[in-house]
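*Asks:* To start, I am sharing the structure in question, which I have written as structure tokens.
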Amino acid sequence: RHALVRNCVDIGTSDNLTDFLVEMGFRMDHEFVAKGHVFRKGIMKIVVYKIFRILIPGNTESIEPLSLSYLVELNVVAPAGQDVVSDDMRNFAEQLKPLVHLEKIDPKRLM
């Protein structure tokens, strides 16, 4: 496969989701701010952003960049078995190669 394929579940939530998770026994591990731009090309969504560290927890105004680099993320939501979509993503990613260091991230290795 040319692209990483994962299941996607969208769930609507209310404003008190954080309080609900804390009541269930979860604790916040980290939080960050992502600032950037969202572009669309057909069903592809391209997000170009920089990640910032929050210096004072809960205050998104006091931030500092984690690095000087930008992240480029390419997403497509498609029905299962649409291998043609992953080929389209790979073709688009090839066009970015002179500007962007391409790397597939395996979330299983991060855990």
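The values are calculated or read from the model by the stated rules, or taken from the named source; none is laboratory data. Note that the coordinates shown come from a computational prediction; the quantities given were computed from them, not determined experimentally. Heads up, the Cβs are rebuilt from the backbone with ideal geometry, glycines too, and the neighbour counts pull from every protein chain shown. Protein only, heavy atoms only, side chains kept; ligands, DNA and RNA dropped before computing areas. Shrake-Rupley method; radii C 1.70, N 1.55, O 1.52, S 1.80 Å.
*Asks:* Would you mind stating whether Ile63 is open to solvent by less than 90 Å² (accessible area, probe 1.4 Å) and in contact with a Leu (Cβ under 6 Å, 6 or more places away or on another chain)?
*Replies:* Values: open to solvent by less than 90 Å² (accessible area, probe 1.4 Å): yes; in contact with a Leu (Cβ under 6 Å, 6 or more places away or on another chain): no.
When the stated conditions are applied, Ile63 does not pass them.
*Asks:* What are the pairs, 6+ residues apart or on separate chains, where a residue within region 66-90 that is more than 20 Å from Lys41 (Cα to Cα) and of a type in the set (A, V, I, L, M) has its Cβ under 6 Å from a residue that is open to solvent by 80 Å² or more (accessible area, probe 1.4 Å) and not in a helix (DSSP H, G or I)?
*Replies:* As it stands, the answer is Leu66/Arg53, since those pairs meet every condition given.
*Asks:* Identify, by number, the condition in (1) within 25 Å of Arg90 (Cα to Cα); (2) free of Cβ contacts under 8 Å to residues at least 60 places away in the same chain that Glu61 doesn't meet.
*Replies:* Glu61 satisfies all of (1) within 25 Å of Arg90 (Cα to Cα); (2) free of Cβ contacts under 8 Å to residues at least 60 places away in the same chain except (1).
*Asks:* Scan region 79-98 for residues that are modelled with pLDDT of 80 or more and assigned to a loop (DSSP other than H, G, I, E, B) and jot them down.
*Replies:* Lys97, Pro98
*Asks:* Also: Take the residues in region 38-59 that are surrounded by fewer than 12 Cβ atoms within 10 Å (Cβ to Cβ) and assigned to a loop (DSSP other than H, G, I, E, B), then tell me which one is nearest to the chain's Cα centre (by Cα).
*Replies:* Result: Gly42.
*Asks:* Tell me whether region 19-37 contains one or more residues that are in contact with a Pro (Cβ under 7 Å, 6 or more places away or on another chain) and open to solvent by less than 70 Å² (accessible area, probe 1.4 Å).
*Replies:* no
*Asks:* Now, a different point. If Asn7 meets every condition in (1) surrounded by 10 or more Cβ atoms within 10 Å (Cβ to Cβ); (2) at pLDDT below 90; (3) not in a helix (DSSP H, G or I) apart from one, which number is that one?
*Replies:* It fails just one condition, (1).
*Asks:* So how many residues does region 31-58 have that are aromatic (Phe, Trp, Tyr), in contact (Cβ under 8 Å) with a residue 12 or more places away in the chain and within 17 Å of Leu96 (Cβ to Cβ)?
*Replies:* 1
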